[in-house]
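A.B. asks: A single structure is presented below for examination.
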Amino acid sequence: MKIENINHVAVIGTGMIGASMAALFTGNGYSTTMLAFSEQGLERGSRLYDTCFGDLIDKNLVTKDQAERCRKLLRFTFDYSDIADADIIFECVAEKLDVKLCVYENINANCKQFRALASTTSALSADDLAEGMTANRDKLVVAHPYNPPHLVPFVEVVKSKFTKDEAAKTAYEVLESAGRKVIIMQRCAPGFVANRLQHALLREAIHIIEEGLAEPRDIDKALMYSFMPRYTSVGLFEHQDAAGLDLVKSIEDYLLPTLCNGCAAPDYINKLVAENNLGMKTGKGVYEWPEEAKEDFRCRAAAPYLRYFNWDIPSE
Ligand SMILES: NC(=O)c1ccc[n+]([C@@H]2O[C@H](COP(=O)([O-])OP(=O)(O)OC[C@H]3O[C@@H](n4cnc5c(N)ncnc54)[C@H](O)[C@@H]3O)[C@@H](O)[C@H]2O)c1
Ligand SMILES: O=C(O)[C@@H](O)[C@@H](O)[C@H](O)[C@@H](O)CO
């Protein structure tokens, strides 16, 4: 349910996350302004936004009339003065500290009434972000969503050592009002909760490849058809209790010394990046990505989340 005193949501950045966040908030009745940095960025953001709603219409989760009503809540701008009255600002720009800090200084210079500035960063420390700010450090939180945020309900909110409770509370309440499942971390740590877990898993998966134990396709198959589906209905710790913690101890005493403890991106990733094989954005990463494969991936990636769809779509 839309919060009455949140009259203007700003989304800065018009990429995958910015467009999805704009879809989420217009889809829950919030007037939303997306700030772009170029004509190309605006066009991309508009196209990605429309794709979000096109998928929801195709899945019969939103009607065309509802989508049109939501689109009327969205505006685009290149000018920070157009978000001067934003009540909450979601920063969705590139995962580069300098880029984010430049955005924050523009916010400080133009925006006068925001109650929270939420960075969607995947891993940057909330302390590092806040320490780079010249003002409004107390309003900055990390609000890390999972891709695509308009479908994936989970968001991890992280306070920095400067954050006032009011800012964290505002971010929490606005996200919950849009049907998100939000946690607030007790203190700042890089990667927050879920991305620490996801990247610990990725580190070991890549270690298995580098050790010649299995190929990417087989690792993906193992994950998709072994324990991953389990954790959409029971918790990790529930399962360990079900298995028996004596068994868990035996396994961990034997297995943990053999697992990867790398402290940097592995050579497998470094080599792909050095060759500019960045994944979908360049057509080749771990896998090849022809257009039809990208579309198939997008549909499969969204499918598990459709059952969580719970937007409070504006009725007029
Ligand atoms: N893609 C994901 O799976 C995912 C998931 C959760 C969080 N995030 C985080 O969300 C944020 C945005 O990620 P994204 O995937 O939407 O990225 P993206 O590359 O799709 O979009 C980044 C946007 O940043 C803006 N930008 C402004 N100045 C820029 C500059 N100097 N250089 C590059 N871009 C500039 C542009 O509008 C661009 O569209 C990042 O902090 C990322 O870590 C990403
Ligand atoms: O999985 C996600 O959507 C998030 O964890 C993002 O932050 C992003 O996909 C990175 O993990 C990519 O490794």
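The values are calculated or read from the model by the stated rules, or taken from the named source; none is laboratory data. This structure is a prediction, so every number in the text was calculated from the model and none was measured. Every residue, glycine among them, receives a Cβ derived from its backbone with ideal geometry; neighbour counts consider all protein chains shown. In case anyone asks, the SASA skips ligands and DNA or RNA and just uses the protein heavy atoms, side chains included. Shrake-Rupley method; radii C 1.70, N 1.55, O 1.52, S 1.80 Å.
A.B. asks: Any chance segment 40-59 includes a residue that's in a loop (DSSP other than H, G, I, E, B) and modelled with pLDDT under 95? First the steps, then the outcome.
C.D. replies: Step one: filter segment 40-59 for residues in a loop (DSSP other than H, G, I, E, B), giving 59.
When the remaining residues are screened for being modelled with pLDDT under 95, the result is 59.
Yes: segment 40-59 contains one or more residues that are in a loop (DSSP other than H, G, I, E, B) and modelled with pLDDT under 95.
A.B. asks: Have a look at Leu35, Leu42, Leu48 and point out the one that is within 16 Å of ligand 2 (Cβ to nearest atom), touching a residue at least 12 places away in the same chain (Cβ under 8 Å) and of a type outside the set (Gly, Ala, Ser). Lay out the reasoning, then the answer.
C.D. replies: Numbers: Leu35 fails: within 16 Å of ligand 2 (Cβ to nearest atom); Leu42 fails: within 16 Å of ligand 2 (Cβ to nearest atom).
Residue meeting the stated conditions: Leu48.
A.B. asks: If I ask for residues that are within 16 Å of ligand 2 (Cβ to nearest atom) and touching a Cys at 6+ places or on another chain (Cβ under 8 Å), which ones from segment 152-170 would you list? Walk me through it before giving the result.
C.D. replies: Narrowing segment 152-170 to residues within 16 Å of ligand 2 (Cβ to nearest atom): 152-158.
Result: Val158, single match.
A.B. asks: Give the number of residues within segment 1-32 that are under 18 Å from His150 (Cα atoms) and open to solvent by less than 10 Å² (accessible area, probe 1.4 Å).
C.D. replies: Within segment 1-32, residues that are under 18 Å from His150 (Cα atoms) and open to solvent by less than 10 Å² (accessible area, probe 1.4 Å) number 18.
A.B. asks: Are there any pairs, at least 6 apart or on different chains, whose C-beta atoms fall under 9 Å, with the first in segment 118-136 and in the same structural domain as Lys169 (by TED's automatic domain parsing) and the second aromatic (Phe, Trp, Tyr) and open to solvent by 40 Å² or more (accessible area, probe 1.4 Å), and if so, which?
C.D. replies: Ala126/Phe162; Asp127/Phe162; Ala130/Phe162; Glu131/Phe162; Met133/Phe162
A.B. asks: Follow-up question, since we're still on this one. Name the pairs whose Cβ atoms lie under 9 Å apart, with the first residue in segment 162-176 and over 11 Å from Ile88 (Cα atoms), the second in a helix (DSSP H, G or I) and small (Gly, Ala, Ser), and 6 or more positions between them or separate chains?
C.D. replies: Between residues of segment 162-176 that are over 11 Å from Ile88 (Cα atoms) and residues that are in a helix (DSSP H, G or I) and small (Gly, Ala, Ser), the close pairs are Phe162/Ala126; Phe162/Ala130; Thr163/Ala126; Thr163/Ala130.
A.B. asks: Would you point out which residue out of Leu213, Leu236 is open to solvent by 90 Å² or more (accessible area, probe 1.4 Å), modelled with pLDDT of 95 or more and hydrophobic (A, V, I, L, M, F, W, C)? Please lay out each step first, then the result.
C.D. replies: Numbers: Leu236 fails: open to solvent by 90 Å² or more (accessible area, probe 1.4 Å).
Result of the check over Leu213, Leu236: Leu213.
A.B. asks: Need a quick list: helices (runs of 4 or more DSSP H) entirely within segment 223-316 having at least 1 residues that are closer than 30 Å to Ala67 by Cβ, aliphatic (A, V, I, L, M) and without any contact (Cβ under 8 Å) to a residue 40 or more places away in the chain. Outline the logic, then answer.
C.D. replies: Values: elements: 236-243, 245-255, 267-274, 291-302.
Answer list for segment 223-316: 291-302.
A.B. asks: Now a separate question. For Arg203, indicate whether it is open to solvent by 60 Å² or more (accessible area, probe 1.4 Å), within 24 Å of Ala264 (Cβ to Cβ) and more than 16 Å from ligand 1 (Cβ to nearest atom). Can you show your working first?
C.D. replies: Details: open to solvent by 60 Å² or more (accessible area, probe 1.4 Å): yes; within 24 Å of Ala264 (Cβ to Cβ): yes; more than 16 Å from ligand 1 (Cβ to nearest atom): yes.
Answer is yes for this residue.
A.B. asks: While we're looking at this one, here's another question. Going by the conditions given, is Lys72 under 21 Å from the mean Cα position of the chain (by Cα) and among the basic types (Lys, Arg)? Don't jump to the end; show me each part of the working.
C.D. replies: Values: under 21 Å from the mean Cα position of the chain (by Cα): no; among the basic types (Lys, Arg): yes.
It is false that Lys72 is under 21 Å from the mean Cα position of the chain (by Cα) and among the basic types (Lys, Arg).
A.B. asks: Just give me the residues in segment 152-174 being among the charged types (D, E, K, R) and outside any loop (DSSP other than H, G, I, E, B), in sequence order.
C.D. replies: Glu156, Lys159, Asp165, Glu166, Lys169, Glu173
A.B. asks: If you take just the strands (runs of 3 or more DSSP E) that sit entirely in segment 66-151, which of them hold at least 3 residues that are open to solvent by less than 60 Å² (accessible area, probe 1.4 Å) and either away from ligand 2 (no atom under 16 Å from the Cβ) or farther than 15 Å from Ala22 by Cα (or both)?
C.D. replies: On the way: elements: 74-77, 88-91, 116-119, 140-145.
Because the criterion is at least 3 residues that are open to solvent by less than 60 Å² (accessible area, probe 1.4 Å) and either away from ligand 2 (no atom under 16 Å from the Cβ) or farther than 15 Å from Ala22 by Cα (or both), the strands (runs of 3 or more DSSP E) in segment 66-151 that meet it are 74-77, 140-145.
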